[in-house]
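Take a look at the structure set out below.
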Amino acid sequence: MRLNASSLLRLGLALGVAGCGRGSGEAPPFGYREFFGGIEVVALTPPEQFVGRAPLMLPERAEQELVDAGIRDENPRFFAPTEAPPAGTRAMAEFEPVDAVHLAFDAATEGFVGELLRAIVPVAPVIVTLTANQSRGRVDELLRSSGLGGRDVRILGLQHDNLWTRDFGPLSVELPDGRPAFLDFRYPQTRVLDDGMPSALAEALGAPVYRVPLRLEGGVVMTNGQGLCVTTTTLAVQNSEIPLDALVRQLSLALGCSRLVFLESPGDEATGHVDMLAKFTSPDTVLVGAFDPTLSPEEAARMERNARLLEDIPVGFRRRLRVVRVPMPAPEGIVHRSYTNSLLVNGTAVVPTYGRGATEEAEVIEAYRRALPPGWRVVTVDASRVIELGGAVHCAALELRFADRGRPS
């Protein structure tokens, strides 16, 4: 990559700012820092290298995009852009109270979905939708066999394409007046039923919805609920035709980001999502994966750089993020058995396990207990098989907030 003189100047200034207050021999934790309309962007390398150019597209994908575009044009109720959310809207953090959790039912992953239901139903209502060609009767049978018949599980007659509700589902935000709303981003994959689900779900639940003209999968961004948003370079790649300043401003308006941090995406991992490598557990604490450098030297170095970057992010007066490391198994090709791909729901952390032995699981649970606020409990769900499909607990479960609690007068 070549940088022009202007980029080099900005990069040099960023290095100087980052090094303030550090010892002369100590390297700064990040190499890029820029402001766009008062929004600070921090990264290890300039995100501009990924944006401002037309995305490459395979012929078969381009053909499917044309088909999907026709479906979107015929169904503006679910796909047409709306006005932007009002200034002052903020994305809600995962550790905040939720009204329900959205799961998708697919017979191929029925055992995993059943475990998720048993873990979540004691602490939150569950909304179930169906992947294509699945029957409600099969879901009813799963509930009965799991001892959950009659419990707080609502099955909606909405169908979609795949299991990953996190990535295609709505993102819950709080409007300036305290009301909840959904954000509906453009789903980057060529699965139009998935892309229409956020607005369909909003309609079914009576929630306001704002359709945002950015490509975004839910697993690619996380927030501490107080203006700090963390993503990976995958977000820039998926919106590569948009200039960086426009991307930052649109994302900030939608999510309420005052600071946007770009982490390095996992190496060969299929999604490039931030939920495969990190997780906020409170406004000032984040879990970050740690690989054994003797087994995965490149991933270990990449995660060390990400951890150092986050450790230097301010979260209050003279305070910085507290980073807690959680062990990660060595990747096997594109399969990354991530322990940060968990769900935080109403005082319970639902953490994936992968059948790798009691010692590793105990280390993971201890890391969560150090990172979580007092009083939270940890439960585990076996994700050994579903991870082969590219995700685990967080990818398959989406917290929703749609009850209007108002704002105290």
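Just a yes or no: is a residue in region 331-342 crowded, with 20+ Cβ neighbours inside 10 Å and of a type in the set (A, V, I, L, M)?
no
In region 237-253, what count of residues is obtained for those that are small (Gly, Ala, Ser) and either within 10 Å of Ile39 (Cβ to Cβ) or buried (at least 24 other Cβ atoms within 10 Å of the Cβ) (or both)?
If we filter region 237-253 for residues that are small (Gly, Ala, Ser), which is where we start, we get 240, 246, 252.
Remaining after also requiring either within 10 Å of Ile39 (Cβ to Cβ) or buried (at least 24 other Cβ atoms within 10 Å of the Cβ) (or both): 252.
Residues in region 237-253 being small (Gly, Ala, Ser) and either within 10 Å of Ile39 (Cβ to Cβ) or buried (at least 24 other Cβ atoms within 10 Å of the Cβ) (or both): 1 in total.
Determine which member of the set Ala403, Ala367, Ala362, Ala397 is surrounded by fewer than 16 Cβ atoms within 10 Å (Cβ to Cβ) and either at pLDDT below 95 or under 23 Å from Pro283 (Cβ atoms) (or both).
Numbers: Ala367 fails: surrounded by fewer than 16 Cβ atoms within 10 Å (Cβ to Cβ); Ala362 fails: either at pLDDT below 95 or under 23 Å from Pro283 (Cβ atoms) (or both); Ala397 fails: surrounded by fewer than 16 Cβ atoms within 10 Å (Cβ to Cβ).
Selected residue: Ala403, the only one of Ala403, Ala367, Ala362, Ala397 that is surrounded by fewer than 16 Cβ atoms within 10 Å (Cβ to Cβ) and either at pLDDT below 95 or under 23 Å from Pro283 (Cβ atoms) (or both).
From the list Ala107, Ala91, Ala124, Ala84, which one is at negative phi, more than 24 Å from the chain's Cα centre (by Cα) and aliphatic (A, V, I, L, M)?
Answer to the selection: Ala107.
If you check Val351 against the conditions, is it part of a strand (DSSP E or B) and within 18 Å of the chain's Cα centre (by Cα)? Walk me through how you get there before you give the answer.
Numbers: part of a strand (DSSP E or B): yes; within 18 Å of the chain's Cα centre (by Cα): yes.
The answer is yes for Val351.
Which ones in region 153-182 are among the aliphatic types (A, V, I, L, M), surrounded by fewer than 23 Cβ atoms within 10 Å (Cβ to Cβ) and in a strand (DSSP E or B)?
Val153, Ile155, Leu156, Leu158, Val173, Ala181
Leu251 versus (1) in contact with a Cys (Cβ under 9 Å, 6 or more places away or on another chain); (2) in contact (Cβ under 8 Å) with a residue 60 or more places away in the chain: which is the lone unmet condition?
If we test Leu251 against (1) in contact with a Cys (Cβ under 9 Å, 6 or more places away or on another chain); (2) in contact (Cβ under 8 Å) with a residue 60 or more places away in the chain, just (2) comes out false.
Scan region 317-339 for residues that are in contact with a strand residue (DSSP E or B) (Cβ under 7 Å, 6 or more places away or on another chain) and of a type outside the set (Ser, Thr, Tyr) and report the count.
Step one: filter region 317-339 for residues in contact with a strand residue (DSSP E or B) (Cβ under 7 Å, 6 or more places away or on another chain), giving 320-328, 338-339.
Going one step further and asking which of them are of a type outside the set (Ser, Thr, Tyr), we end up with 320-328.
Going through region 317-339 one residue at a time, the tally reaches 9.
Go through the residues of region 263-272 one by one and say whether even a single one is in contact with a strand residue (DSSP E or B) (Cβ under 7 Å, 6 or more places away or on another chain), under 19 Å from Cys395 (Cβ atoms), in contact (Cβ under 8 Å) with a residue 60 or more places away in the chain and not polar (S, T, N, Q).
Yes, region 263-272 has at least one match.
Within region 136-152, track down each residue that is modelled with pLDDT of 90 or more and outside any helix (DSSP H, G or I).
Asp152
Counting residues that are at pLDDT below 95 and farther than 30 Å from Glu388 by Cβ, which strands (runs of 3 or more DSSP E) fully inside region 245-326 reach at least 3?
Values: elements: 259-263, 278-282, 285-290, 314-316.
Result: 314-316.
Are any of the residues in region 146-163 closer than 22 Å to Thr340 by Cβ and under 24 Å from the mean Cα position of the chain (by Cα)? Give the steps one after another, and end with the answer.
Initially, region 146-163 is screened for residues closer than 22 Å to Thr340 by Cβ, giving 162-163.
Right, trim to under 24 Å from the mean Cα position of the chain (by Cα) and you get 162-163.
Within region 146-163 (the criterion being closer than 22 Å to Thr340 by Cβ and under 24 Å from the mean Cα position of the chain (by Cα)), the answer is yes, since at least one residue qualifies.
The values are calculated or read from the model by the stated rules, or taken from the named source; none is laboratory data. Just so you know, these numbers come straight off a predicted model, no measurement behind them. Counting neighbours? That spans all protein chains shown, and the Cβs are built from the backbone with ideal geometry, glycine included.
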